[in-house]
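Report on one structure; see the data block that follows.
The values are calculated or read from the model by the stated rules, or taken from the named source; none is laboratory data. Since this is a predicted model, take the numbers as computed values, not measurements. Cβ placement follows ideal geometry from the backbone for every residue including glycine, while neighbour counts extend to all protein chains displayed.
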Amino acid sequence: MVQKPPTILTENEPLRKAPIVSIGIIDWLRKNLFSTWYNTIFTILGIYILYLAIPPFFQWAILDAVWSGEDRTVCEWYDENKVKYRAGACWLLIKVYFNFFTYGFYPDELQWRVNLSFIILAVATALMFIPNIKKKHYIGMFLFFIYPFIAFFLLSGNDTLGLDHVSTHKWGGLFLTFLLGSIGIVFALPLGIILALGRRSKLPVVRILSVIFIEFWRGIPLITVLFFAAVMFPLFVPQGVEIDNLLRCIVGLTLFGGAYMAEVVRGGLQALPKGQYEAAQAVGLGYWRMMGMVIMPQALRIVIPGIVNTFIGLFKDTTLVFIISLMDLLLTIFTSNTNPDWMGFPFEGYIFAASVYFIICFSLSRYSLRVENKLMVSKQH
(Lines give C-alpha, C1' and ligand atoms only; values in the text may rest on other atoms or scores of the structure.)
Protein backbone atom coordinates (compact mmCIF):
# COMPACT_ATOMS: atom_id res chain seq x y z
CA MET A 1 0.00 0.00 0.00
CA VAL A 2 1.43 3.33 -1.07
CA GLN A 3 1.45 5.90 1.70
CA LYS A 4 0.52 9.48 0.93
CA PRO A 5 3.49 11.80 1.49
CA PRO A 6 3.04 14.35 4.28
CA THR A 7 1.93 17.85 3.32
CA ILE A 8 4.77 20.37 3.52
CA LEU A 9 3.93 24.04 3.76
CA THR A 10 5.88 26.26 1.41
CA GLU A 11 6.63 29.93 1.73
CA ASN A 12 3.99 30.79 -0.88
CA GLU A 13 1.14 29.14 1.04
CA PRO A 14 -0.72 31.36 3.57
CA LEU A 15 -0.47 30.46 7.22
CA ARG A 16 -3.57 29.10 8.91
CA LYS A 17 -5.36 31.27 11.44
CA ALA A 18 -5.10 30.38 15.10
CA PRO A 19 -8.19 28.67 16.52
CA ILE A 20 -10.71 30.90 18.23
CA VAL A 21 -10.22 30.63 21.97
CA SER A 22 -12.98 32.98 23.13
CA ILE A 23 -16.27 33.94 21.56
CA GLY A 24 -18.61 36.88 22.03
CA ILE A 25 -21.92 36.92 23.81
CA ILE A 26 -23.88 36.61 20.54
CA ASP A 27 -21.94 33.54 19.48
CA TRP A 28 -22.34 32.02 22.95
CA LEU A 29 -26.11 32.54 22.88
CA ARG A 30 -26.37 31.09 19.39
CA LYS A 31 -24.30 28.04 20.35
CA ASN A 32 -25.86 27.28 23.76
CA LEU A 33 -29.41 28.64 23.71
CA PHE A 34 -30.47 28.89 20.07
CA SER A 35 -28.50 26.09 18.43
CA THR A 36 -31.58 24.19 17.19
CA TRP A 37 -35.26 24.96 16.68
CA TYR A 38 -36.36 22.97 19.75
CA ASN A 39 -33.59 24.51 21.84
CA THR A 40 -34.87 27.92 20.77
CA ILE A 41 -38.43 27.02 21.80
CA PHE A 42 -37.32 25.85 25.25
CA THR A 43 -35.21 28.99 25.70
CA ILE A 44 -38.09 31.29 24.83
CA LEU A 45 -40.44 29.30 27.07
CA GLY A 46 -37.99 29.51 29.96
CA ILE A 47 -37.57 33.27 29.53
CA TYR A 48 -41.35 33.69 29.50
CA ILE A 49 -41.75 31.66 32.72
CA LEU A 50 -39.06 33.76 34.41
CA TYR A 51 -40.84 36.90 33.21
CA LEU A 52 -44.06 35.70 34.82
CA ALA A 53 -42.44 34.64 38.12
CA ILE A 54 -39.57 36.99 38.96
CA PRO A 55 -41.16 40.49 38.72
CA PRO A 56 -44.17 39.64 40.97
CA PHE A 57 -41.93 37.91 43.49
CA PHE A 58 -39.50 40.85 43.51
CA GLN A 59 -42.42 43.22 44.00
CA TRP A 60 -43.77 41.14 46.90
CA ALA A 61 -40.45 40.30 48.59
CA ILE A 62 -38.57 43.60 48.19
CA LEU A 63 -40.52 46.61 46.95
CA ASP A 64 -43.77 46.15 48.90
CA ALA A 65 -42.23 44.32 51.86
CA VAL A 66 -42.50 45.47 55.46
CA TRP A 67 -39.20 45.43 57.30
CA SER A 68 -39.94 47.13 60.62
CA GLY A 69 -42.78 47.86 63.00
CA GLU A 70 -44.33 46.70 66.24
CA ASP A 71 -46.96 44.12 65.26
CA ARG A 72 -48.86 42.69 62.31
CA THR A 73 -50.98 45.82 61.88
CA VAL A 74 -48.20 47.35 59.79
CA CYS A 75 -48.44 44.41 57.38
CA GLU A 76 -52.21 44.42 56.85
CA TRP A 77 -55.06 46.82 57.46
CA TYR A 78 -58.79 47.35 56.85
CA ASP A 79 -60.52 50.22 55.12
CA GLU A 80 -63.82 51.78 56.11
CA ASN A 81 -65.68 48.95 54.36
CA LYS A 82 -63.78 46.36 56.42
CA VAL A 83 -61.95 45.12 53.34
CA LYS A 84 -58.58 43.74 54.29
CA TYR A 85 -55.51 44.94 52.44
CA ARG A 86 -52.08 43.38 52.78
CA ALA A 87 -48.67 44.74 51.90
CA GLY A 88 -45.91 42.58 50.48
CA ALA A 89 -43.79 40.20 52.51
CA CYS A 90 -43.99 40.80 56.24
CA TRP A 91 -40.34 40.29 57.19
CA LEU A 92 -41.21 41.76 60.56
CA LEU A 93 -42.21 38.19 61.48
CA ILE A 94 -38.57 37.09 61.18
CA LYS A 95 -37.47 40.00 63.35
CA VAL A 96 -40.02 39.22 66.07
CA TYR A 97 -39.32 35.47 66.13
CA PHE A 98 -35.63 35.50 65.26
CA ASN A 99 -34.56 34.58 68.78
CA PHE A 100 -37.07 31.70 68.84
CA PHE A 101 -36.00 30.51 65.38
CA THR A 102 -32.37 30.45 66.56
CA TYR A 103 -32.55 28.98 70.08
CA GLY A 104 -36.01 27.45 70.45
CA PHE A 105 -37.08 27.42 74.12
CA TYR A 106 -33.53 27.76 75.43
CA PRO A 107 -33.67 30.30 78.33
CA ASP A 108 -32.86 33.83 77.20
CA GLU A 109 -30.48 34.53 80.08
CA LEU A 110 -28.44 31.40 79.26
CA GLN A 111 -28.17 31.78 75.50
CA TRP A 112 -24.65 33.11 75.91
CA ARG A 113 -23.59 29.51 76.52
CA VAL A 114 -24.85 28.50 73.07
CA ASN A 115 -23.04 31.45 71.52
CA LEU A 116 -19.81 30.65 73.35
CA SER A 117 -19.85 27.01 72.29
CA PHE A 118 -20.27 27.95 68.63
CA ILE A 119 -17.62 30.67 68.87
CA ILE A 120 -15.11 28.10 70.17
CA LEU A 121 -16.07 25.76 67.33
CA ALA A 122 -15.80 28.50 64.71
CA VAL A 123 -12.36 29.67 65.93
CA ALA A 124 -10.94 26.13 66.10
CA THR A 125 -12.34 25.28 62.67
CA ALA A 126 -10.95 28.50 61.17
CA LEU A 127 -7.49 27.68 62.55
CA MET A 128 -7.62 24.34 60.73
CA PHE A 129 -7.88 26.15 57.38
CA ILE A 130 -5.08 28.68 57.89
CA PRO A 131 -2.16 27.41 55.76
CA ASN A 132 0.71 28.76 57.90
CA ILE A 133 -0.35 27.18 61.18
CA LYS A 134 1.71 24.10 62.07
CA LYS A 135 0.75 21.01 64.08
CA LYS A 136 -2.89 21.16 63.06
CA HIS A 137 -3.36 17.62 64.32
CA TYR A 138 -3.49 19.06 67.84
CA ILE A 139 -6.41 21.26 66.78
CA GLY A 140 -8.09 18.23 65.22
CA MET A 141 -7.62 16.23 68.42
CA PHE A 142 -9.13 19.13 70.37
CA LEU A 143 -12.18 19.25 68.08
CA PHE A 144 -12.81 15.49 68.21
CA PHE A 145 -11.90 14.58 71.79
CA ILE A 146 -12.05 17.71 73.98
CA TYR A 147 -14.51 20.12 72.39
CA PRO A 148 -17.52 17.74 72.58
CA PHE A 149 -17.21 17.64 76.39
CA ILE A 150 -16.83 21.43 76.58
CA ALA A 151 -19.89 21.94 74.39
CA PHE A 152 -21.90 19.38 76.35
CA PHE A 153 -21.20 21.04 79.71
CA LEU A 154 -21.90 24.50 78.27
CA LEU A 155 -25.17 23.56 76.61
CA SER A 156 -26.53 21.11 79.18
CA GLY A 157 -25.07 22.69 82.30
CA ASN A 158 -23.23 21.26 85.29
CA ASP A 159 -23.85 21.90 88.99
CA THR A 160 -20.17 21.46 89.85
CA LEU A 161 -19.20 24.19 87.40
CA GLY A 162 -22.01 26.43 88.58
CA LEU A 163 -23.96 26.17 85.32
CA ASP A 164 -27.71 25.77 85.55
CA HIS A 165 -29.06 22.62 83.95
CA VAL A 166 -31.00 23.05 80.69
CA SER A 167 -33.01 20.05 79.54
CA THR A 168 -32.58 18.97 75.94
CA HIS A 169 -36.34 19.39 75.50
CA LYS A 170 -35.70 23.14 75.53
CA TRP A 171 -33.03 22.96 72.83
CA GLY A 172 -34.36 24.00 69.47
CA GLY A 173 -34.27 26.21 66.41
CA LEU A 174 -31.33 26.64 64.10
CA PHE A 175 -29.02 25.79 66.97
CA LEU A 176 -30.50 22.29 67.27
CA THR A 177 -30.57 21.78 63.50
CA PHE A 178 -26.90 22.68 63.21
CA LEU A 179 -26.05 20.49 66.21
CA LEU A 180 -27.79 17.42 64.77
CA GLY A 181 -26.34 17.94 61.31
CA SER A 182 -22.76 18.54 62.43
CA ILE A 183 -22.65 15.59 64.86
CA GLY A 184 -24.24 13.28 62.29
CA ILE A 185 -21.74 14.37 59.65
CA VAL A 186 -18.69 14.06 61.91
CA PHE A 187 -19.49 10.54 63.10
CA ALA A 188 -21.04 9.20 59.88
CA LEU A 189 -17.77 9.45 57.92
CA PRO A 190 -15.55 7.30 60.21
CA LEU A 191 -18.40 4.82 60.64
CA GLY A 192 -18.80 4.64 56.86
CA ILE A 193 -15.06 4.04 56.40
CA ILE A 194 -15.11 1.16 58.91
CA LEU A 195 -18.17 -0.40 57.27
CA ALA A 196 -16.67 -0.05 53.79
CA LEU A 197 -13.49 -1.80 54.89
CA GLY A 198 -15.57 -4.46 56.61
CA ARG A 199 -17.62 -5.09 53.48
CA ARG A 200 -14.40 -5.64 51.49
CA SER A 201 -12.79 -7.74 54.23
CA LYS A 202 -11.53 -11.24 53.47
CA LEU A 203 -12.96 -12.46 56.79
CA PRO A 204 -16.43 -13.93 56.05
CA VAL A 205 -17.91 -13.02 59.44
CA VAL A 206 -16.82 -9.38 59.22
CA ARG A 207 -17.96 -9.09 55.61
CA ILE A 208 -21.38 -10.64 56.25
CA LEU A 209 -22.03 -8.51 59.34
CA SER A 210 -21.04 -5.35 57.45
CA VAL A 211 -23.31 -6.22 54.51
CA ILE A 212 -26.25 -6.93 56.85
CA PHE A 213 -25.72 -3.67 58.72
CA ILE A 214 -25.44 -1.56 55.56
CA GLU A 215 -28.38 -3.11 53.76
CA PHE A 216 -30.58 -2.97 56.86
CA TRP A 217 -30.10 0.73 57.46
CA ARG A 218 -30.31 1.57 53.75
CA GLY A 219 -33.50 -0.43 53.42
CA ILE A 220 -35.61 1.53 55.91
CA PRO A 221 -36.58 5.21 55.70
CA LEU A 222 -35.10 7.68 58.14
CA ILE A 223 -38.51 8.61 59.50
CA THR A 224 -38.92 4.98 60.64
CA VAL A 225 -35.51 5.07 62.32
CA LEU A 226 -36.40 8.22 64.24
CA PHE A 227 -39.80 6.86 65.23
CA PHE A 228 -38.24 3.64 66.50
CA ALA A 229 -35.56 5.56 68.42
CA ALA A 230 -38.09 7.84 70.10
CA VAL A 231 -41.10 5.58 70.67
CA MET A 232 -40.17 1.91 70.37
CA PHE A 233 -36.64 1.82 71.79
CA PRO A 234 -37.66 2.83 75.37
CA LEU A 235 -39.90 -0.25 75.48
CA PHE A 236 -36.89 -2.58 75.14
CA VAL A 237 -34.64 -1.07 77.82
CA PRO A 238 -34.81 -2.19 81.48
CA GLN A 239 -37.20 -0.37 83.73
CA GLY A 240 -35.61 2.64 85.34
CA VAL A 241 -33.08 3.12 82.52
CA GLU A 242 -33.76 6.32 80.61
CA ILE A 243 -31.79 7.49 77.57
CA ASP A 244 -32.21 11.07 76.43
CA ASN A 245 -34.44 11.52 73.38
CA LEU A 246 -31.89 13.78 71.66
CA LEU A 247 -29.12 11.22 72.13
CA ARG A 248 -31.29 8.49 70.60
CA CYS A 249 -31.99 10.75 67.63
CA ILE A 250 -28.28 11.48 67.12
CA VAL A 251 -27.42 7.76 67.22
CA GLY A 252 -30.15 7.01 64.67
CA LEU A 253 -28.95 9.76 62.32
CA THR A 254 -25.35 8.60 62.62
CA LEU A 255 -26.13 4.94 61.89
CA PHE A 256 -28.37 5.89 58.97
CA GLY A 257 -25.80 8.27 57.47
CA GLY A 258 -22.93 5.85 58.09
CA ALA A 259 -24.61 3.13 56.00
CA TYR A 260 -24.91 5.45 53.00
CA MET A 261 -21.41 6.78 53.53
CA ALA A 262 -20.05 3.22 53.50
CA GLU A 263 -21.23 2.69 49.92
CA VAL A 264 -19.67 5.98 48.82
CA VAL A 265 -16.31 5.05 50.35
CA ARG A 266 -16.54 1.52 48.91
CA GLY A 267 -16.92 3.06 45.46
CA GLY A 268 -13.65 4.94 45.97
CA LEU A 269 -11.87 1.78 47.12
CA GLN A 270 -13.06 -0.15 44.08
CA ALA A 271 -11.97 2.67 41.74
CA LEU A 272 -8.32 2.29 42.73
CA PRO A 273 -6.24 0.02 40.50
CA LYS A 274 -5.01 -3.24 41.95
CA GLY A 275 -1.44 -2.09 41.50
CA GLN A 276 -1.81 0.38 44.41
CA TYR A 277 -2.52 -2.49 46.79
CA GLU A 278 0.32 -4.58 45.39
CA ALA A 279 2.80 -1.70 45.57
CA ALA A 280 1.95 -1.02 49.22
CA GLN A 281 2.34 -4.69 50.08
CA ALA A 282 5.62 -4.85 48.16
CA VAL A 283 7.24 -2.24 50.41
CA GLY A 284 6.23 -4.23 53.49
CA LEU A 285 3.23 -2.24 54.72
CA GLY A 286 0.70 -4.07 56.85
CA TYR A 287 -3.03 -3.91 56.26
CA TRP A 288 -3.84 -0.92 58.48
CA ARG A 289 -0.78 1.09 57.46
CA MET A 290 -1.51 0.35 53.81
CA MET A 291 -5.08 1.55 54.20
CA GLY A 292 -4.18 4.61 56.26
CA MET A 293 -1.15 5.77 54.28
CA VAL A 294 -1.77 4.64 50.69
CA ILE A 295 -5.25 3.40 49.86
CA MET A 296 -7.70 5.46 51.90
CA PRO A 297 -6.27 8.94 51.08
CA GLN A 298 -6.59 8.18 47.36
CA ALA A 299 -10.04 6.64 47.72
CA LEU A 300 -11.41 9.57 49.71
CA ARG A 301 -10.02 12.03 47.18
CA ILE A 302 -11.89 10.25 44.40
CA VAL A 303 -15.25 10.29 46.20
CA ILE A 304 -15.21 13.84 47.60
CA PRO A 305 -18.34 14.79 45.57
CA GLY A 306 -20.20 11.72 46.84
CA ILE A 307 -19.15 12.36 50.44
CA VAL A 308 -20.29 15.98 50.36
CA ASN A 309 -23.53 14.96 48.66
CA THR A 310 -24.19 12.54 51.54
CA PHE A 311 -23.33 15.27 54.05
CA ILE A 312 -25.82 17.66 52.44
CA GLY A 313 -28.53 15.02 52.32
CA LEU A 314 -27.96 14.11 55.97
CA PHE A 315 -28.08 17.75 57.02
CA LYS A 316 -31.40 18.30 55.25
CA ASP A 317 -32.77 15.06 56.70
CA THR A 318 -32.55 16.60 60.17
CA THR A 319 -35.87 18.31 59.38
CA LEU A 320 -37.58 14.96 60.06
CA VAL A 321 -36.83 15.14 63.78
CA PHE A 322 -40.03 17.11 64.30
CA ILE A 323 -41.95 13.79 64.36
CA ILE A 324 -40.28 12.96 67.68
CA SER A 325 -41.04 16.41 69.12
CA LEU A 326 -37.58 17.90 68.69
CA MET A 327 -37.94 21.64 68.07
CA ASP A 328 -35.78 22.05 64.96
CA LEU A 329 -35.82 25.14 62.73
CA LEU A 330 -38.85 24.07 60.68
CA LEU A 331 -40.88 23.18 63.74
CA THR A 332 -40.19 26.57 65.33
CA ILE A 333 -41.45 28.22 62.14
CA PHE A 334 -44.56 26.04 62.13
CA THR A 335 -45.14 26.89 65.80
CA SER A 336 -44.90 30.61 65.08
CA ASN A 337 -47.60 30.25 62.41
CA THR A 338 -50.00 28.85 65.02
CA ASN A 339 -49.76 32.02 67.10
CA PRO A 340 -53.07 33.91 66.64
CA ASP A 341 -51.19 37.20 66.62
CA TRP A 342 -49.24 36.17 63.51
CA MET A 343 -51.48 33.73 61.68
CA GLY A 344 -51.77 34.34 57.95
CA PHE A 345 -48.07 34.83 57.19
CA PRO A 346 -46.84 31.31 56.37
CA PHE A 347 -44.50 32.09 53.48
CA GLU A 348 -42.03 34.42 55.18
CA GLY A 349 -40.86 31.87 57.75
CA TYR A 350 -40.43 29.04 55.26
CA ILE A 351 -38.56 31.31 52.84
CA PHE A 352 -36.24 32.20 55.72
CA ALA A 353 -35.68 28.50 56.48
CA ALA A 354 -35.08 27.70 52.80
CA SER A 355 -32.51 30.51 52.62
CA VAL A 356 -30.67 29.19 55.67
CA TYR A 357 -30.56 25.64 54.33
CA PHE A 358 -29.46 26.86 50.90
CA ILE A 359 -26.62 28.97 52.32
CA ILE A 360 -25.28 26.11 54.44
CA CYS A 361 -25.58 23.45 51.71
CA PHE A 362 -24.20 25.74 49.01
CA SER A 363 -21.23 26.62 51.23
CA LEU A 364 -20.50 22.92 51.75
CA SER A 365 -20.71 22.32 48.01
CA ARG A 366 -18.40 25.21 47.10
CA TYR A 367 -15.86 24.26 49.75
CA SER A 368 -15.80 20.66 48.55
CA LEU A 369 -15.21 21.90 44.99
CA ARG A 370 -12.32 24.01 46.22
CA VAL A 371 -10.78 21.07 48.07
CA GLU A 372 -11.27 18.83 45.04
CA ASN A 373 -9.54 21.31 42.72
CA LYS A 374 -6.70 21.79 45.20
CA LEU A 375 -6.12 18.05 45.46
CA MET A 376 -6.19 17.66 41.68
CA VAL A 377 -3.58 20.41 41.29
CA SER A 378 -1.34 18.85 43.93
CA LYS A 379 -1.73 15.48 42.21
CA GLN A 380 -0.55 16.96 38.90
CA HIS A 381 2.54 18.40 40.56
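Which of the helices (runs of 4 or more DSSP H) found entirely inside the range 133-238 contain at least 3 residues meeting this: touching a residue at least 12 places away in the same chain (Cβ under 8 Å) and in contact with an Asp or Glu (Cβ under 9 Å, 6 or more places away or on another chain)?
By residue number, 173-199.
Hey, residue 247 hits all of (1) surrounded by 17 or more Cβ atoms within 10 Å (Cβ to Cβ); (2) under 21 Å from the mean Cα position of the chain (by Cα) but one; which does it fall short on?
Here residue 247 clears every test but (1).
Just checking, how many residues over the range 79-127 are modelled with pLDDT under 85 and under 19 Å from residue 172 (Cβ atoms)?
0
When residues of the range 261-305 are filtered for being surrounded by fewer than 15 Cβ atoms within 10 Å (Cβ to Cβ), of a type in the set (A, V, I, L, M, F, W, C) and not in a loop (DSSP other than H, G, I, E, B), how many remain?
5
Looking only at the range 239-260, count every residue that is in a helix (DSSP H, G or I) and of a type in the set (Val, Ile, Thr) and tell me the total.
Number of matching residues: 3.
With respect to residue 322, determine if the residue is within 21 Å of the chain's Cα centre (by Cα), in the same structural domain as residue 245 (by TED's automatic domain parsing), part of a helix (DSSP H, G or I) and over 20 Å from residue 186 (Cβ atoms).
Considered against the rule, which asks whether it is within 21 Å of the chain's Cα centre (by Cα), in the same structural domain as residue 245 (by TED's automatic domain parsing), part of a helix (DSSP H, G or I) and over 20 Å from residue 186 (Cβ atoms), residue 322 comes out as yes.
Do we find that residue 136 is of a type in the set (D, E, K, R), surrounded by 12 or more Cβ atoms within 10 Å (Cβ to Cβ) and assigned by TED's automatic domain parsing to the domain that holds residue 324 in this structure?
It is false that residue 136 is of a type in the set (D, E, K, R), surrounded by 12 or more Cβ atoms within 10 Å (Cβ to Cβ) and assigned by TED's automatic domain parsing to the domain that holds residue 324.
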